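Note sheet for the following structure.
Any read-out appearing in this document is the output of simple, stated calculations on the displayed coordinates, not a laboratory observation. Because the structure is predicted, anything quoted here is derived from the model rather than measured. Every residue, glycine among them, receives a Cβ derived from its backbone with ideal geometry; neighbour counts consider all protein chains shown.
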Amino acid sequence: MVVHATQRYAVVTGANKGIGLETVRQLAAVAGVTVVLTARDVKRGTDAVASLALPNVVFHQLDVQDSDSIRSLVDFICAKFGRLDILVNNAGASGVIVDEDSLRAMKIDPATWLSGQAMNMIQGVIKTSYDKARECLNTNYYGVKRVTEGLLPLLKLSTYGARIVNVSSLRGELWRIPNEQIRKELGDIETLTEQKIDGIVDKFFHDLKNDMLEVNGWSMMLPAYSISKATLNAYTRVLAKNYPNMCINCVHPGYVDTDINWHTGTLSVEEGAKGSVLLALLPAGSPTGRYFDQTEVAKF
Ligand SMILES: NC(=O)c1ccc[n+]([C@@H]2O[C@H](COP(=O)([O-])OP(=O)(O)OC[C@H]3O[C@@H](n4cnc5c(N)ncnc54)[C@H](OP(=O)(O)O)[C@@H]3O)[C@@H](O)[C@H]2O)c1
């Protein structure tokens, strides 16, 4: 292993397509940055690396739901680079089953999507199942935690001061959760702990199982996805508090035209990746424990 002090090493999760792939492209364009493009599927990942054709992008398999896969990535980075400077937790799952043809036929305009007014219109075509909700939380919240915990020992060795970027969503903004108690718990950084956040996830699954989401005031617009991102934001703040020498932030990439929203988004992936890249390259002394709406600090 050759250690280069002037090099920065980055990992991007879920990077075989969409915002993740573009984040790799933009990071790799910066002098001295080497990027590990990760994907859960080897073929999709190696095809993505081949499509970029950049000498400073390498592939490693990573399924954020699979502990063995995470361990293998950690071992790879440890052996090849000896440290990590940038982690972009980008992989995401929607938590729903969708009748895409019917959804397209509804021709819902972007403003209706963004305001949340589409909520009632989509109930017949976008359904939350228990299994899909599990997959969503296991990817967007527990997946991020698992990957971050695995890579933290290498991030602590960063000579630049590590940067962690958690790709969130406006669906996770606290004002969108009708239940005041949940809003308060997730929003109070003084008392917030990982155990408390996990407890809120458990409550969500209890209510989902018992058909009590609406009556107990969970966000009904993509319920699993919304709480996965709200808990991700809360986790970001706890982590930032625990590691004050790093810059650890979360970001809503904008409403981007990708598979995760069935191509209803309006922004290009080039625009969508800007926030992640900005936060990945923050200079020393920059904000930490913040939520960004694209490239601007916003309210949790
Ligand atoms: N597009 C938007 O408007 C928007 C808005 C707000 C937030 N976001 C967030 O932006 C991030 C990127 O999404 P996108 O819009 O680029 O959607 P996308 O094109 O569907 O990309 C999602 C990526 O996540 C990967 N993934 C899913 N489960 C995984 C797992 N268990 N392990 C590893 N990778 C996994 C997918 O891999 P496969 O190809 O193998 O499925 C894919 O590479 C997500 O966190 C999403 O929630 C997007």
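Taking the square roots of 5 times each eigenvalue of the Cα gyration tensor of segment 1-156, largest first, gives ellipsoid semi-axes of 34, 18, 13 Å. Distant-in-sequence amide contacts of L157, defined by a placed amide H-H separation under 5 Å and a gap of 5 or more residues or a different chain, comprise L84. Listed from fewest to most Cβ neighbours within 10 Å, the set Y255, Y130 follows the order Y130, Y255. Short version: ³J(HN,Hα) in whole Hz for each residue of segment 118-123, in order, from phi by Karplus 6.51 cos²θ - 1.76 cosθ + 1.60 (θ = phi - 60°), x for Gly and Pro, what are they? For segment 118-123, the Karplus curve yields 6, 3, 6, 5, 8, 4 Hz. In degrees between 0 and 90, to the nearest 10, how far off the longest principal axis of the chain does helix 18-28 point, with axes built from Cα atoms? Tilt relative to the chain: about 20 degrees.
A Förster distance of 51 Å, applied to the separation of the beta-carbon atoms of K196 and S51, puts the FRET efficiency at 0.75. If the label point is 7 Å along Cα→Cβ of L157, which residues in segment 61-78 have backbone nitrogen under 11 Å from it? Residues 75-78 fall inside that zone.
Each stretch of four or more DSSP H residues adds -39500 (n - 2.57); spread over every residue of the chain, this sum gives -13000 deg cm²/dmol at 222 nm. Panel order for V36, V74, by other beta carbons found within 10 Å of each beta carbon, from fewest to most: V74, V36.
Assuming a viscosity of 0.890 mPa s and a temperature of 25 °C, what translational diffusion coefficient in µm² per second does Stokes-Einstein assign to segment 8-298, Rh being the Kirkwood radius over Cα pairs?
It comes out at roughly 128 µm²/s.
With a Förster radius of 35 Å applied to the beta-carbon distance between S268 and K80, the computed FRET efficiency rounds to 0.60.
Scalar couplings 3J(HN,Hα) for segment 106-114, obtained by applying the Karplus form with A = 6.51, B = -1.76, C = 1.60 to θ = phi - 60°, are 6, 6, 6, 7, x, 5, 5, 4, 5 Hz; x denotes Gly and Pro. Cross-link pairs exceeding 27 Å between alpha carbons, from the set K80/K145; K17/K299; K274/K299; K156/K274; K17/K107: K17/K299. Remark: spin-label model distance A105-A31 equals 5.7 nm, labels positioned 7 Å along the Cα→Cβ axis.
Were the residues from Q123 through V58 laid out at 0.36 nm apart, the gain over their Cα-Cα distance would be 19.3 nm.
Computed over the chain with a Gaussian network model linking Cα atoms closer than 10 Å, the most mobile of V12, V24, V58 is V58.
Taking the Cα atoms only, what angle lies between the long axis of helix 67-80 and the longest principal axis of the chain, rounded to 10 degrees? Its long axis makes an angle of about 30 degrees. Put in order of Cβ neighbour count within 10 Å, fewest first, the listed residues S94, S158, S228 become S158, S94, S228. Shown in residue order for segment 215-221 are the 3J(HN,Hα) couplings computed by the Karplus curve 6.51 cos²θ - 1.76 cosθ + 1.60 at θ = phi - 60°: 5, 9, x, 7, 5, 8, 8 Hz (x for Gly and Pro).
In this simple spin-label approximation, L114 and D293 carry label points 7 Å from Cα along the Cα→Cβ vector, and these lie 0.9 nm apart. For segment 100-156, applying the loop criterion from DSSP together with a ceiling of 15 other beta carbons within 10 Å to the trypsin sites (Lys or Arg not before Pro) yields K107, K156. Among the GluC sites (Glu not before Pro) in segment 164-197, those located in a DSSP loop and surrounded by at most 16 other Cβ atoms within 10 Å of their own Cβ are E190. For the chain, the longest principal axis of the alpha carbon atoms and the long axis of helix 130-140 meet at an angle near 30°.
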